[in-house]
Amino acid sequence: AATQEWVLALDPDERITPGLAEELRRLTTRDDVDAVVIPRMNFDLGYPPSNPYERYEPQLRMYRRSRVTWPEIPNKLPQVPPERLHRIAARDDLVMMHDRSRTIPEVLDRSLRIAQLQAQSMLDRGEVFTARAMLSALWLRTWRQLVVGRAWRDGVPGLLRVGILVGFHFYVWAAFWQLSGAQRTPEDERTVGRLGMVLGVVRAVVKPFALV
């Protein structure tokens with residue numbers, strides 16, 4: 001439906017800061033740019049993160065309509081030559097404010113709706129469900145959000161943010177498993193069994209300290 005040369009894509013819970021608006025207007029005058037990556041500051045439960053990736057999450061959101069076609073697959077990005085792509089500096093005055101996860105009912109409602117769509121897109125792309133892939137994806141996301149991002153620096157909101165983000169992806173993988181046939185394969189059983197063995201060892205090591 002857009003008719004102008006430049007298109008800026010925004011969700012209903014996003015807004016542009018005055019500094020970013022000025023920067024975007026300036027970029028539209030350049031002939032060497034076809035798309036713009038905007039840093040997005042994600043607010044969860046009313047608090048912004050200190051983790052740079054969540055505080056300045058890169059989002060390709062503005063593009064020249066005559067040069068770029070937006071994909072129909074959810075969460076997919078257009079292909080733009082690196083030399084035609086501009087990345088806005090990661091600064092608090094140049095961000096897209098994303099006021100997400102304001103209440104727990106909102107978190108659950110969005111997770112249940114979007115997880116099913118994302119799982120369907122995984123199936124449409126030809127991805128195959130395995131327990132190994134699910135556990136690896138969830139572990140890496142937990143590691144990145146909790147340990148690498150040092151979520152504890154943001155107190156309780158930081159820990160809740162980790163749970164919300166990892167929980168959403170858990171719903172995605174659960175929906176993907178169901179859409180894939182909800183089968184119990186021998187390979188998946190072995191993977192889960194090995195996980196149980198590891199947890200059993202951890203439990204044996206921790207148990208004496210827990211008793212103390």
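One table, with the values for the structure above:
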{"read-out": "Members of segment 126-179 that are in a loop (DSSP other than H, G, I, E, B) and either in contact with a Lys or Arg (Cβ under 7 Å, 6 or more places away or on another chain) or surrounded by fewer than 16 Cβ atoms within 10 Å (Cβ to Cβ) (or both)", "value": "G126, E127, V128, T130, R150"}
{"read-out": "Contacts under 6 angstrom Cβ, first residue in segment 120-142 being of a type in the set (G, A, S), partner open to solvent by less than 60 Å² (accessible area, probe 1.4 Å) and part of a helix (DSSP H, G or I), 6 or more apart", "value": "A131/D188; A131/T191"}
{"read-out": "L199 vs. criteria in a helix (DSSP H, G or I) and under 30 Å from Y47 (Cβ atoms)", "value": "no"}
{"read-out": "Meets criteria (over 22 Å from V148 (Cβ atoms) and open to solvent by 20 Å² or more (accessible area, probe 1.4 Å)) for L27", "value": "no"}
{"read-out": "Filtered residues of segment 180-189 (kept if outside any helix (DSSP H, G or I) and open to solvent by 90 Å² or more (accessible area, probe 1.4 Å))", "value": "Q183, R184"}
{"read-out": "Contacts under 8 angstrom Cβ, first residue in segment 167-185 being closer than 26 Å to I104 by Cβ, partner outside any helix (DSSP H, G or I) and open to solvent by 50 Å² or more (accessible area, probe 1.4 Å), 6 or more apart", "value": "F176/E127"}
{"read-out": "Lone unmet requirement of (1) of a type in the set (V, I, T); (2) surrounded by 13 or more Cβ atoms within 10 Å (Cβ to Cβ); (3) in a loop (DSSP other than H, G, I, E, B) for V37", "value": "(3)"}
{"read-out": "Number of the exception - S111 against (1) open to solvent by 80 Å² or more (accessible area, probe 1.4 Å); (2) touching a Gly at 6+ places or on another chain (Cβ under 8 Å); (3) not hydrophobic (A, V, I, L, M, F, W, C)", "value": "(1)"}
{"read-out": "Cβ pairs under 8 Å, 6+ apart, first in segment 2-23 and more than 14 Å from L60 (Cβ to Cβ), second open to solvent by less than 40 Å² (accessible area, probe 1.4 Å) and of a type in the set (V, I, T)", "value": "T17/V95; L20/I38; L20/I88; L20/V95; E23/I88"}
{"read-out": "Matching residues in segment 75-103 - criterion: being surrounded by 13 or more Cβ atoms within 10 Å (Cβ to Cβ) and in a loop (DSSP other than H, G, I, E, B)", "value": "L77, P78, V80, I88, A90, R91, V95, S101, R102"}
{"read-out": "Residue list for segment 44-60, filter: open to solvent by 40 Å² or more (accessible area, probe 1.4 Å), in contact with a strand residue (DSSP E or B) (Cβ under 9 Å, 6 or more places away or on another chain) and part of a strand (DSSP E or B)", "value": "P58"}
{"read-out": "Only listed residue being open to solvent by 60 Å² or more (accessible area, probe 1.4 Å), among the β-branched types (V, I, T), under 26 Å from the mean Cα position of the chain (by Cα) and more than 21 Å from D109 (Cβ to Cβ), chosen from V205, V192, V198", "value": "V192"}
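The values are calculated or read from the model by the stated rules, or taken from the named source; none is laboratory data. All values derive from a computational prediction rather than experimental measurement. Neighbour counts are summed over all protein chains in view; Cβ atoms, including those assigned to glycine, are modelled from backbone coordinates with ideal geometry. Calculation scope for accessible area: heavy atoms of the full protein, side chains included, ligands and nucleic acids excluded. Shrake-Rupley method; radii C 1.70, N 1.55, O 1.52, S 1.80 Å.
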